[in-house]
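The next block holds one structure in the form of structure tokens; read it before the comments.
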Amino acid sequence: MSYPTMNLLAPSEPRSMQLNAEATIELEAAANADGQTMLPRFRMLAYTGTPMRVGGWRHPVVLDLAGLSIPSQSRPIRFGHDPLSGVGHTDNIRVEQGQLVAGGLVSRDTPAAREVVTSSRNGFPWQASVGASVEEFEFVKESQQVTVNGKQYSGPLNVVRRSTLGEISFVDLGADGSTNASISAGQCEDDLFIEAADSQLQDTHEESETTMTANESATPVTAPRNSSLPPAHVAARDAVTEMRMSAAAEAERIMAVRRLCAGKNSQVEARSIREGWDLQRTELELLRNGRPSAPAIHTPNPVVNAQVLEAACLMTGGSQQLETMFDDRTLQLANDRYRSGLGLQELFLEAAWANGYTGRNFRDSRAVMRFAFGRDIEAGWSTIDIGGILSNVANKFLLEGFFSVERVWRNICAVRNVSDFKTVTSYRLIGKDQYEQVAPGGEIKHGTLGTEQYSNKAETFGLMLSIDRRDIINDDLGAITTVPRKLGRGSGLKINDVFWTTFLNNAAFFVAGNKNYQAGTDTVLTIDGMTKAEVTFMDQVDGDGKPIGVMPAIVLVPTALSAIGTQLYKSVELRDNTANAKSPTNNPHQGKFRVEVSRYLANASYTGNSAKAWYLLSEPSDLPVIEVAFLNGQESPTIETAEADFNVLGVKMRGYHDFGVALQDPRGGVKMKGEV
């Protein structure tokens, strides 16, 4: 897996990212007893351990400090992550309570260092940014949780499990407002005391220097003999002197490196300073880089292909679950290149450029459209099929629209796969359909195929919509997301319309003669009404007058009966609050029949509608009362995209759906009128 990264250094160098954090700086001038200005110190809360938005990463990033490798306590401090704009170095880096803390010296004599110190003196609120190379990261999905740096976070986010600290920079804009940094002239917590003591110990100090001069072979004296300082303070003073000498040596090394490089190779100069090379190694590296070499190989920009454009369109349109449609690299390229969204003109231009168009804008719109759809490509070949991209994108939004409407019909019908538009007939075996005892001779008697039959036929339903010139000129990508959604929703509404028109027009299907219809006050949806419906269903017989052997499974109700239907399905007891019966009644139908609620049953636009009638149905796989046939098993609509006619600048989209609906076996259900 390739890691998403930010600010790649070079193809051969490790992947890196920068975690910005807000920092405030306080500066105070101070001088030691000798009158020399002390190097300013800084202290940073460089990273608080919380998720942050990092450029190039699609989701927030958390740097796991438990996996952060710190190569040394001395790391460069820069300005804006620029190797040529050094500020100083650290001498103390540690992780405390899930946070990264750093301290060090402003030891560089550069314009950047002077800028940081001067600006902080003027009250500028500097911020901090950590530069780290990413070696291993983990993606936490939306439904998952992870504990990092002592805190728990929910996905989606990226957790950088292994990384190496490179440098820390002062920046003018960060992302984490909970961090801070401070700069002062002191070198340690006891500096102020040491500075005050310097004047008191001046005479003794001079005496010590005189002694050392007179006897060069004498053992160096680390503290005046008559000093009243505690040992801890004496040790602190010695540490200050050592740090000053170390800083001076580092400054001399950097100056020598710069003189040696003298503009010959800025990369070698920066690397020598960053990694602490001596002059010999720096000179060798300059010699190596001065040798003739093969032409440099530059990694080209990522190629934009159909998958990237399709992912960018879906991102711009707000489609969900893109991770299941595309790989990580495709999503990363789409996010990086079209971070602010992909416009409709830009989509056509990208396709036209891939197919050989040399123009740089959409001014010649007809030429752009011709190349985008591959019309000017020799032998009809094209690199990017814009029609295919539009169709794929539109199909995903079409399905969103299709599944956004009621789909109760799918739960109560049987589904048939047909291969053409001819009428198909189903036959039911009746008559001698029971097994009979085989005589000693082994002869098995023939059954008979009865005359009961049920037919169905698929029809085509469709609609065409266009994205016209205005949408393209307005650069409205929403046109290729809104139009397919409308086509998908239209298909979902149409299949509902055809289905419920057929189902509710059942006056000749649910009748007393078929023994699947009951009317009267005792057919209201109650415990007693449900009992009567169950008895009516179970008492149905086949052509031989024997039980059909199918069990009821579904209660289909209009919206007005949804509450009582749910009660009958879920409640163990029902309480009657009338004057004559206030005690609870056991519900014998609890958990028996699942409830399906449709708003179409009581809609006045359909013949046979009723807000009181309800149905008890078998599972459609056992004995369906209604069937839906789909051509070639395609249950969802199809959408196609093409360039509009020559006299119309735009894109046409058409959606169509091949299906048919027909009532089947009347013994698969019972209708209860629910009133007299």
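Only the coordinates and a few stated rules stand behind these numbers; no lab work does. Just so you know, these numbers come straight off a predicted model, no measurement behind them. No Cβ is skipped: glycine too gets one built from the backbone with ideal geometry, and neighbour counts run over all protein chains shown.
Summary of values
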item	result
For Ala128, residues with placed amide H under 5 Å, excluding near neighbours	Ala21, Glu22, Ala23, Val171
Taking Leu344, Leu398, Leu173, Leu84 and counting other C-beta atoms within 10 Å, the order from fewest to most	Leu173, Leu84, Leu344, Leu398
Modelled label reach - Ser143, point 7 Å along Cα→Cβ, region 392-427 residues with backbone N closer than 19 Å	none
Cα centroid of region 614-638 to Cα centroid of region 305-358, whole Å	38
Amide H partners (placed H, <5 Å) of Ala602, local residues excluded	Thr559, Ser610
Out-of-range pairs (alpha-carbon distance over 23 Å; input Lys515/Lys570; Lys396/Lys494; Lys445/Lys546)	Lys515/Lys570
Whole-Hz couplings from phi, Karplus 6.51/-1.76/1.60, listed for region 69-86; x for Gly and Pro	8, 10, x, 7, 6, 9, 10, x, 10, 10, 10, x, 6, 8, x, 8, 10, x
Residue order, fewest to most surrounding Cβ atoms within 10 angstrom, among Val418, Val511	Val511, Val418
GluC sites (Glu not before Pro) lying in DSSP loop within region 603-645, provided at most 12 other Cβ fall within 10 Å	none
Neighbour-count order for His657, His89, His81, His589, fewest beta carbons within 10 angstrom listed first	His589, His81, His89, His657
FRET efficiency, 1/(1 + (r/R0)^6) with R0 41 Å, evaluated for Thr425 and Thr566 via beta carbons	0.60
Phi-based couplings in Hz for region 653-661 (Karplus 6.51, -1.76, 1.60; Gly and Pro marked x)	10, 10, x, 8, 8, 10, 7, x, 10
Residue-wise HN-Hα coupling along region 104-121, computed from phi with Karplus coefficients 6.51, -1.76, 1.60 (Hz; x: Gly, Pro)	x, 10, 7, 9, 8, 9, 10, x, 5, 5, 5, 4, 4, 5, 5, 5, 5, 4
Calculated FRET efficiency for the pair Arg360/Val415, C-beta based, R₀ 51 Å, to 0.05	0.45
